[in-house]
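First the structure, in the form of structure tokens, and then the observations on it.
The values are calculated or read from the model by the stated rules, or taken from the named source; none is laboratory data. Treat the numbers as computed from the prediction; the structure is a model and nothing was measured. Cβ sites come from the backbone with ideal geometry, for glycine too, and all protein chains shown count toward neighbours. Quick note on the areas: whole protein, heavy atoms, side chains included, nothing else; ligands and nucleic acids left out. Shrake-Rupley method; radii C 1.70, N 1.55, O 1.52, S 1.80 Å.
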Amino acid sequence: MPLAVAGLVALAAMAPRIVQRFETAPKESGSTRVELALCAWEMVKDEPLRGVGLNNWGIKINPPYEYAERAGRVRDWGGDTSDALVETVYLLTAAECGIPALLALLAWFAWHLFRCIPLARTLRGTPWAFVPAGLAGGLAAAYLQSCFEWVFRQPLNLFVLVILFAIVSYLNELAPHRRPA
């Protein structure tokens, strides 16, 4: 209960900044995100199995390639757009590496998430019992947030994700050797 109250107080303290961000963000910010997502979708439609090539997003988003025009780009991004990235790791993976690579990424993410459920049951009654539940919640939140913004592009977030994967893997090895109380 104290943790829930502390979380609500923190959310109330951050709420004005969050509301301000949505009210004052330029319209171009939202439309650019949509345009880049459409560009990624055009790449996926052209090369669904192999993608346009690893690290080729920045090249293919610029002329002479037509992805930006086909996606209905409505404004000039101004010069070289090689640093403009689609907001989600999922669309970027599908565009650059193809749908099979996206499915492999999703399977990798899902294995770590869904492995937490049997781990929670196996570790019930041990000092480790709370860890799989917390890991499942954290992973689910990160995966969902990465649908809307580039969460895993930030190095610290990626490092933490890999550490969480390592903890899940460690618990997966540890769990068979523990007896529930």
Once all protein chains are kept in place, T122 shows an accessible area at probe 1.4 Å, nearest 10 Å², of 50
Heavy-atom accessible area of L38, protein chains in place, probe 1.4 angstrom, given in Å² to nearest 10, is 80
Within the set V34, V44, V160, GNM on the chain using Cα springs under 10 Å gives the largest fluctuation to V160
Honestly the chain on the Cα gyration tensor test (a ≥ b ≥ c root eigenvalues; a/c under 1.5 rounded, otherwise a/b vs b/c for prolate or oblate) is just oblate
Using a 1.4 Å probe on heavy atoms of the protein chains only, the accessible area for M14 in Å², nearest 10, reads 100
Scalar couplings 3J(HN,Hα) for region 20-25 by Karplus 6.51 cos²θ - 1.76 cosθ + 1.60 (θ = phi - 60°), nearest whole Hz, x for Gly and Pro, are 4, 4, 6, 6, 9, 5
Here FRET efficiency (C-beta to C-beta, L3 to R121, R₀ 25 Å, nearest 0.05) is 0.55
Contour minus Cα-Cα span, W111 to K45, at 0.36 nm per residue, comes to 21.0 nm
With Cα springs under 10 Å, the Gaussian network model of the chain assigns the largest mean-square fluctuation among L54, L135, L11 to L11
Gyration tensor on Cα atoms of region 115-173, a ≥ b ≥ c root eigenvalues, a/c under 1.5 rounded, else prolate if a/b beats b/c, else oblate, says prolate
Sorted list, accessible surface of protein heavy atoms, 1.4 Å probe, largest first, for Y143, Y65, Y170 is Y170, Y65, Y143
Computed over the chain, the relative contact order (Cα-Cα under 8 Å, seq sep at least six) in percent reads 21
If one builds a Gaussian network model of the chain from Cα atoms under 10 Å apart, the most fluctuating residue listed among S29, S146, S169 is S29
Sorting E96, E173 on solvent-accessible surface, 1.4 Å probe, most exposed first, gives E173, E96
